[in-house]
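Here the structure comes first, spelled out in structure tokens, and everything after it is commentary.
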Amino acid sequence: MPFHEFRPGRLVAGVTGLAVAAVYLGDAAGSWDAPWYAVVPLLSCGLSLAALAGWVGHRVRRRRAARATSAARSTSADGTASADGAPTGAHGTGRATG
């Protein structure tokens with residue numbers, strides 16, 4: 001199975017859908033009597049939490065990617081770092097030698 005990114009918003013949305021299904025299943029089985037509008041608060045709160053979790057997850061992934069590219073830019077191939085992230089020449093002048 002290939003590795004994929006963790007998407008917390010999708011997880012929360014899925015759990016919300018399962019909760020809505022459980023309410024309607026319990027009503028259909030006769031375990032309780034749920035009015036038709038009982039699911040509206042559950043669905044709206046669940047989807048709002050899913051949106052918040054998705055936004056936070058997106059921000060975390062963007063920050064992690066920015067740190068990875070920043071670290072890759074700050075170090076050149078020979079292990080020396082420059083202030084602007086550009087690779088330095090053999091003598092550290094910033095110009096390519098040759």
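The values are calculated or read from the model by the stated rules, or taken from the named source; none is laboratory data. From a predicted model like this one, the values you see are computed outputs, not experimental measurements. Because the Cβ atoms are built from the backbone with ideal geometry, glycine has one as well, and the counts that use them run over all protein chains shown. We work out accessible area using only protein heavy atoms, side chains counted, and drop any ligands, DNA or RNA first. Shrake-Rupley method; radii C 1.70, N 1.55, O 1.52, S 1.80 Å.
Each row is one residue, and each column tells you yes or no for (1) aliphatic (A, V, I, L, M); (2) in a helix (DSSP H, G or I); (3) modelled with pLDDT under 95; (4) open to solvent by 90 Å² or more (accessible area, probe 1.4 Å).
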residue	(1), (2), (3), (4)
Cys45	no, yes, no, no
Ala65	yes, yes, yes, no
Ala71	yes, yes, yes, no
Asp78	no, no, yes, yes
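On the basis of being under 22 Å from His4 (Cβ atoms), assigned to a helix (DSSP H, G or I) and either over 20 Å from the mean Cα position of the chain (by Cα) or modelled with pLDDT of 95 or more (or both), does Val39 make the cut? Don't jump to the end; show me each part of the working.
Values: under 22 Å from His4 (Cβ atoms): no; assigned to a helix (DSSP H, G or I): yes; either over 20 Å from the mean Cα position of the chain (by Cα) or modelled with pLDDT of 95 or more (or both): yes.
No.
Suppose the filter is modelled with pLDDT under 95, open to solvent by less than 100 Å² (accessible area, probe 1.4 Å) and either of a type outside the set (Asp, Glu) or part of a helix (DSSP H, G or I) (or both); does Ala90 pass it? Lay out the reasoning, then the answer.
Numbers: modelled with pLDDT under 95: yes; open to solvent by less than 100 Å² (accessible area, probe 1.4 Å): yes; either of a type outside the set (Asp, Glu) or part of a helix (DSSP H, G or I) (or both): yes.
Here the answer is yes, as Ala90 does meet what is asked.
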Selection within region 1-36 - among the acidic types (Asp, Glu) and either farther than 30 Å from Arg62 by Cβ or part of a helix (DSSP H, G or I) (or both) | Asp27, Asp33
